[in-house]
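Report on the following structure.
The values are calculated or read from the model by the stated rules, or taken from the named source; none is laboratory data. If you're wondering where the values come from, they're calculated on a predicted model, not measured in any experiment. We place every Cβ from the backbone using ideal geometry, glycine too, and count neighbours over all the protein chains shown. Heavy atoms of the whole protein, side chains included, go into the accessibility calculation; ligands, DNA and RNA do not. Shrake-Rupley method; radii C 1.70, N 1.55, O 1.52, S 1.80 Å.
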Amino acid sequence: MAFRRSPSSGFSESRTNGSSFIRAATALSESSSIQSDGLFNLARDYSGLGLEPMPYSLLEPIALKEQPWIQEAQSLLEPNDMQISPSEDKLPVVDSPESHACSGEGLFFTDGQRKVDYVLVFHHRRHGSIRVSTSVTHDHVSVVSNGNFSTSTGSDGAERRGRGMPGGPPASVGEVLMELGSGDSHEAVEPVDHEMRLIRQEFETSLMEAGLEIERDKEAKAHGPSFTRVHAPWPVLCREAEFLKIKVPTKTSYDLKEESGFSTGINTVWRKLNHPFQPKVPHQEHGRTKLLSHCFSRDKLHLYNITSKDTFFDNSTRGRIVYEILRRTVCVRTCQTIGISSLIAKGVYDAAFPLHDGDYKVIGHTEERNDRQVLHEEWARYSAFYKHQPIDLVRKYFGEKIGLYFAWLGVYTQLLIPASIVGIFVFGYGVATLDTNIPSLEMCDERQNFTMCPLCDGACDYWRLNTACGTARASHLFDNPATVFFAIFMSLWAVLFLEHWKRKQISLSFSWDLTGIEDDEEQPRPKYENIVLQKRQRKQQKKKKKKKNESAEEKLTWKDRLPGYFINVSSILFMFGLTFSAVFGVIIYRITVSALMAMSSDPELKSNVRVTVTATAVMINLVVILILDEIYGAVAVWLTELEIPKTETNYEERLIIKAFLLKFMNAYAPIFYVAFFKGRFAGRPGSYVYVFNDYRMEECAPGGCLIELCIQLSIIMLGKQLIQNNIFEIGIPKLKKLVRALKDKGSEVEEKQEERPPRQWTLDYALAPFEGLTPEYMEMIIQFGFVSLFVASFPLAPLFALLNNVIEIRLDAKKFVTELRRPVAARAKDIGVWYNILSGMGKFSVIINAFVISFTSDFIPRLVYQYVYSQSGTMHGFIDHTLSYFNVSNFKPGTSPDSTDHGDVTVCRYKDYREPPWSPDAYQFSKQYWCVLAARLAFVILFQNLVMFLSLVVAWVIPDVPKTIVEQLKREKKLLVDVFLQEEKEKFQLIQSLFTKDGANLQSCSAMLQSGQGLAPLGRYSTLPPLNSQGEGLPRARCRASSFSQFSGRAANSENENSVHTAV
């Protein structure tokens, strides 16, 4: 790079005579001038004078060198108006396009033709607190890139373009202007903003070198957002689509195999019945033909049905391609970062997102709806709750990852329908047999004189068992023989759900052309890069003698992550302790309130002690769970950051595991306590277990703990769903939107004078950013636990889950369509680690339900009594069999009732299997206890093995890949082979015809040479092959082979040049 002084003035004169210029003559290359060493060092040397980017309007549009892949793409297809090569690539600095406000509702550049594929947003920040003295001149350096910039419309810009420099020769193409001038501007700019502008300039120049086209508004704002629009021309789309191995449809199609026989009639009837539930989505009819798909290749453009280069790649694919370029683009001079995510993390840009397809509200003719409007009308409305989801359109608009989430949610919701029906029948069986249930009738019989021991020490009196009649009758609704059948059914349902989803997932992968795709190579996360850079800098400081280019690539080891791992383990254990402490606090509340209410003189209050305490305790549990859920979500993010995961996939998987562990423990800890621990360690009369030496541990109700478990599960499940849906997912986003609107109200008032129709990038920037699918999946996974883990205690759980999910689908759809920025279309073959979590919970539910039935309910004691101890083989006498005797004279001092209304009581009853006081082994566990315990353990083993065996049978009977998909995959492979063989055959025939013509030409040349006419004799250094006496020679196959590129559409020397991608 050569630098020369302006002939008009010297550097010393520029210090006194105002602004002057230095011309930097550079050769045009693929790297930007900001990346060249000489210019960067010059800017750094003059940093003491103040570094500031030069306005873009100072330069003429500079034509870059034609790239080989441009010529190739132009030769492959006929050019149209939309094809704009990088030689015409501009970085226009334009005013707000008022004249083009109608151009596709802000979806295009100011020319109304080039699509806006991506938007980068950065903020002009106010610096009102900075005062700049105008009496002192501050010299500054303005640096501009040698990229392509549009001409300015101002007179000053025209004067500069005409004269190049004041008093100097005109600026020539391929030169970089550097302005050394006085900073007499009254605008206060911080050094941080200088650095951000330079980084943005380098980054956008690199984007232009990658072939992208950029346009942004004139930087005339004092504050507020500024938008940089990015467009990917056809050659860039082709290059990146080939690099990303994007599958596109070819011209070849084939007929899908039609079913024959009885199934054809059933499918026809089903389609007619199902027609009213189908969404009205244009061009989404599933016909009996399918286009053959293949990875995009620029060598095979003739195979694809390219009717228009503007629509061949849809908007989501274009946005994904641009995002891949943004993700790989490097800033090496101004900052050591890779990709747009790092720049957003550093604050260089505020946001980056693809645009929605216009407004979601339908205005005018409904036939001209865009994809966003179709999704809003047919999917994201509560009135469309009865319709199927347009999954293919969701995948087309949002990408495969989001499409798979909604497909999974739809399958889960559909399979909840049979589970809900069976649950209703189980509940109905309990209602129907309520008046014939012998144990509850015995408990409600007033003639049964069961005097029960006091519920607390001193203040509590003896009580009659028939006062718990209501609890016993309610318990039968959920604790009946049908519950065991329902538990087995739900365990098999979980297996069936997972198997059905695997088949559905394979079918979607086939229809969405995801079969055979490879995982994309991911770039490191910004925080990982920063820590690696800090580690490298520390090593360089320790070893100053070591040369920089000798240092190997740094990476983090287990020693670097050891503090994070230690904090993770200790923090998770602390959170578990916090959850247990919250549960224990609620237990203390129940014990103390029960004791206080028992001391009350109000008889109605005394009779409703259990119901009141249980209901209020569950409400407290619900509030604690909701609060800790939010805390644990933030803690999981913090802990995952401490582990310093390298890629986004690793980060997401670790975050999911931590958040699931914490939220699982938080949601189910109170339920586990009621199901398996409450009443197990309470002791017996005369030997109770005390908390803080004053309060007795609580016991289960006479009807068992199952009814309390049902109340706990129902309130937590319903409350969690209602509050999260209505407050967290609807109320909080609306509140954030209101706060953001109030915050931006000042700037809106200032700009109201220049009010224009809002453009799409402005509307999308006002939406909330997409933050991933983890919260959506987590909510459904926790609900799946409520449905599967403790379903034996609450058969109506699938019904409430179904009602919730019908609303949840439309709520999530509305959020994605109307309230969130459009996410980048991400490819995904499956739902990832969530499937493993679901599979683990399905297996865990078998064990949990087995223990709930055997230990929490009275199902096993009833069976043992009926078939072992009953004299008549019926349930008569079961209540008396389960109650033990206690001599009131054995109460410890101070624990017997202070006063009693039941007369002279010598013996009271309590629920347990213990020896009576007149037995030699008084108050020890009886033989009945050990018999029942053995039966319970045997049931657990039998239930678990039976359900596991049936689950394996179901998984074996149902193949993971449908047979039709296997056949179609084989057929597609055969068709692809036939297509390529036909192509090679045509090439061979073309080459053979060319060689035949070559042979004829050589024979005529040989005849002319033999006659000595028409051709000069071969020279000494001739490259023609020698001919024998028969005029034969080697054909010039190489020459013809090289000229074959004009038929195949590929330049002979373009192979290496076309493989150039954005530098990483």
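The test for being of a type outside the set (A, V, I, L, M, F, W, C), under 17 Å from residue 610 (Cα atoms), part of a helix (DSSP H, G or I) and open to solvent by less than 30 Å² (accessible area, probe 1.4 Å) does not hold for residue 440.
When residue 352 is tested against (1) under 29 Å from the mean Cα position of the chain (by Cα); (2) open to solvent by 10 Å² or more (accessible area, probe 1.4 Å); (3) among the small types (Gly, Ala, Ser); (4) modelled with pLDDT under 90, just one condition goes unmet, and that condition is (4). If the condition is being closer than 15 Å to residue 345 by Cβ and either modelled with pLDDT under 60 or outside any loop (DSSP other than H, G, I, E, B) (or both), then the range 522-553 contributes 526, 527, 528, 529, 530, 531, 532, 533, 534.
Which residue, of 472, 487, 407, is within 30 Å of residue 390 (Cα to Cα), buried (at least 21 other Cβ atoms within 10 Å of the Cβ) and touching a helix residue (DSSP H, G or I) at 6+ places or on another chain (Cβ under 7 Å)?
None of the other options fit; the residue is 407.
Looking across the range 634-655 at every residue that is touching a Leu at 6+ places or on another chain (Cβ under 8 Å) and in contact (Cβ under 8 Å) with a residue 40 or more places away in the chain, the one that is most open to solvent (accessible area, probe 1.4 Å) is identified as 646.
Residue by residue, here is whether (1) among the aromatic types (Phe, Trp, Tyr); (2) at pLDDT below 75; (3) closer than 30 Å to residue 512 by Cβ; (4) exposed (fewer than 13 other Cβ atoms within 10 Å of the Cβ) holds:
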residue	(1), (2), (3), (4)
973	no, no, yes, yes
976	no, no, yes, no
979	no, no, yes, no
994	no, no, no, no
1005	no, yes, no, no
1010	no, yes, no, yes
1013	no, yes, no, yes
1020	no, yes, no, yes
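Of all residues in the range 903-920, at least one satisfies being at pLDDT below 85, open to solvent by 30 Å² or more (accessible area, probe 1.4 Å) and farther than 30 Å from residue 510 by Cβ. Taken as a whole, the condition of being in contact (Cβ under 8 Å) with a residue 60 or more places away in the chain, within 23 Å of residue 907 (Cα to Cα) and either open to solvent by less than 20 Å² (accessible area, probe 1.4 Å) or part of a helix (DSSP H, G or I) (or both) does not apply to residue 499. Among the residues that make up the range 668-681, is at least one of them at pLDDT below 85 and open to solvent by 40 Å² or more (accessible area, probe 1.4 Å)? Yes, some residue in the range 668-681 is at pLDDT below 85 and open to solvent by 40 Å² or more (accessible area, probe 1.4 Å). Do we find a residue being modelled with pLDDT under 75 and open to solvent by less than 50 Å² (accessible area, probe 1.4 Å) anywhere in the range 289-309? Scanning the range 289-309, I find no residue that is modelled with pLDDT under 75 and open to solvent by less than 50 Å² (accessible area, probe 1.4 Å), so the answer is no. Got a number for residues in the range 368-401 being closer than 29 Å to residue 786 by Cα and out of contact with any helix residue (DSSP H, G or I) (no Cβ under 7 Å at 6 or more places or on another chain)? Result for the range 368-401: 3. Return the residues of the range 849-892 that are among the aliphatic types (A, V, I, L, M), under 21 Å from residue 445 (Cα atoms) and more than 58 Å from the chain's Cα centre (by Cα); say none if nothing qualifies. Correct list: empty.
Being part of a loop (DSSP other than H, G, I, E, B) and free of Cβ contacts under 8 Å to residues at least 24 places away in the same chain, is that true of even one residue in the range 447-465? Yes - at least one qualifying residue is present in the range 447-465.
The number of residues in the range 741-764 that are at pLDDT 60 or above and surrounded by 13 or more Cβ atoms within 10 Å (Cβ to Cβ) comes to 8.
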